[in-house]
Each structure stands twice: as C-alpha cells, then as structure tokens.
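For reference, the structure discussed in these notes is given below.
The values are calculated or read from the model by the stated rules, or taken from the named source; none is laboratory data. In this text, all values refer to a predicted model and were calculated from it rather than measured experimentally. Cβ placement follows ideal geometry from the backbone for every residue including glycine, while neighbour counts extend to all protein chains displayed. Accessible surface is based on the protein model in full, side chains and every heavy atom, while ligands, DNA and RNA are left aside. Shrake-Rupley method; radii C 1.70, N 1.55, O 1.52, S 1.80 Å.
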Amino acid sequence: MSESPLAPGSRVAIAGASGLIGSALARSLTSDGHEVIRLVRRAPRGSDEARWDPESRRVDTARLEGCAAVVNLAGAGVASRYWTKEYKERIRRSRVVGTTTLADAVASLDSPPRVFVNGSAIGFYGDTGTRAVDESAPPGDGFLSSVCVEWEGATAAAAEAGVRTVFVRTGLVVAREGGAWAKLFPLFKAGLGGRLGSGEQYWSFVSLHDEVAAIRHLIDAEALSGPFNVTAPEPLTNREITEAMGRVLHRPTVLATPAPLLRLALGEMSGDILGSQRVLPTRLLESGFTFAFPTIEDTLRAATR
C-alpha cells in the first residue's frame, strides 16, 4: 500500500478534539511536530483553535485552507444519557448536521485537504449475532445503524469535490480515561465486575493506541477511501472479555447483571450492550496495518499501565 506520511509541520484540523479519541490523536500529531487546529463551538482561546457552529452551518474556512487532513470525530455521547426521544435526536443531529457542515466547508476550499476522515461506528452493522462481518456487509437494523448510514452519507459534498474520504467504523475503545471502559475498570477493580446478560454477545474492541494509529495510517495511505472497521482482529464474547478482565486485574468476576435489569435501567440503550457485534477489520489488515495490541490481554494491560 502506497503511503505518504504527513510532511513535517503539516496542519490537521480536528472536530471533536476534546473527546477520548480526538484528544489522543491530537497528542500523537503534535508530538510528531504537526500543527493541530481544534474546531471549537466557543470563541477561540488561542492560535490552535478555530470556531465552528454546526447548527448554524458555519465554519471558519480560512483556518481549514491548506490543512493536510480534516478529521471529524464530533458527536454527542451515545452512552452519556438515557435514550429519550429528544436525546436520540441529539445523537443523530450532532453527527449528521456536523458532518454535513464540515463536508460542505471542505468542498468549498481553494486548497482542500488531501483527505477527510469521518468518524463512524460498528453500530452500522446492527446485531450480527455469532456471524462475523466485515466492510462488505450491508447496514443492519435499529437506531444506531440508521444514524451511521446518515452519518457516512453526510460526507457526500467532500467526496464529490474530489477529496479522498474515509469512514472510521470504530469498535469499543479500551481506555481508562473515557468511553465505556472508563466505567467498567472501577467496577472490576472493586471486585464488582461480571458478565452482562448471557455474556454470549460479541464485543468488538480496540485499544486507544491502535485506534489512533489506524486513523494516522488512513490519513497517510493515499489509495485508501471508504469504510474501515477499526477493531482488534479477534472479537470476543462478553463472557470471554469478563474473564480476561479478571485475569489482568486479579479480581473475581462472579457477579452478573441479568438482561432484564439492564433493560430496566438503560432502556433502549441496553440493546447496544446486550446486542452482539462480531466485526472484523478486513480492509485495515489488507492495507498493511499492524495492531500493536491485537489481543484482549494486550489491550487491557496497555490501558492499565
């Protein structure tokens, strides 16, 4: 796969730079000497920030001119709140409207980026049961699947303008400082961890390190476009992951949360936890990407050290 790494001092604009993945990506880029422009919804506080207002469809396009890449990772947290009708609409709009705004801005530039990397999620595939799927699989059913379809479709303006466009379909990111695992680690360390529901549902995970490395690989690889699953090569069941958590943290994992209790506590969102997604990173592996932390034990140790 032909790669052209970012030239020293390249500028990369990131929407969602304050989130788990965005902040880690920004750190990685700046540590390599690149300039990161963080898109913010408030008044900029420094030269490394630029204003955007997705709801009003406004972006400071002058700050995007000459960027080597624009990365969109913005969106309301899927697991941040109970899924009311209003919050589900916020989840959808934050992704679709934000992406449309950025794609239109990228398409309007005199000096556009060489790549537009847009966030997405393995929720695209819906519940796959025990069936393994890769990027060739069609979208599934349900709320998150429909959001992902709209989310990816909102990049159309950038792609039509000739900007290489990549969708990063991210799995469950394992990290101490954010995402679902930031809630799981304290429970397991306290000896209160256990399987969720039957434990037979597949979880497709990825280390934060590999998530960032994959995004940078997709920025650099000039021939790559379209969807890429960013998940470790071997997804495991919730039961298997629970057992691995116990081994790595040296804690018992005998407790279990029954499915009816999860449904009562979380409502519709429980379907995302109890559902099974056995997702493979076929295109990413075929492109020559190598996972630094391919197994769950490697991934958990990387997150806890």
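Considering segment 152-177, the residues that are part of a loop (DSSP other than H, G, I, E, B) and open to solvent by less than 20 Å² (accessible area, probe 1.4 Å) include one that is nearest to TYR125 (Cα to Cα), namely GLY171.
Considering segment 44-137, the qualifying strands (runs of 3 or more DSSP E), each wholly inside and each with 3 or more residues that are open to solvent by less than 10 Å² (accessible area, probe 1.4 Å) and aliphatic (A, V, I, L, M), run over 69-72. Within segment 26-43, being open to solvent by less than 60 Å² (accessible area, probe 1.4 Å) and not in a loop (DSSP other than H, G, I, E, B) holds for ALA26, SER28, LEU29, VAL36, ILE37, LEU39, VAL40. Residue selection: ALA232 fails the criterion of being modelled with pLDDT of 95 or more, within 30 Å of PHE116 (Cβ to Cβ) and either of a type in the set (Lys, Arg) or not in a loop (DSSP other than H, G, I, E, B) (or both).
Selection over segment 201-223 of residues that are open to solvent by 30 Å² or more (accessible area, probe 1.4 Å) and more than 13 Å from GLY171 (Cβ to Cβ) gives a count of 5. The residue list SER111, SER207, SER198, SER145 contains one member that is farther than 30 Å from GLY66 by Cβ and without any contact (Cβ under 8 Å) to a residue 60 or more places away in the chain, which is SER145. Scanning segment 178-200 for residues that are open to solvent by less than 20 Å² (accessible area, probe 1.4 Å), outside any helix (DSSP H, G or I) and closer than 22 Å to GLY77 by Cα yields a total of 1.
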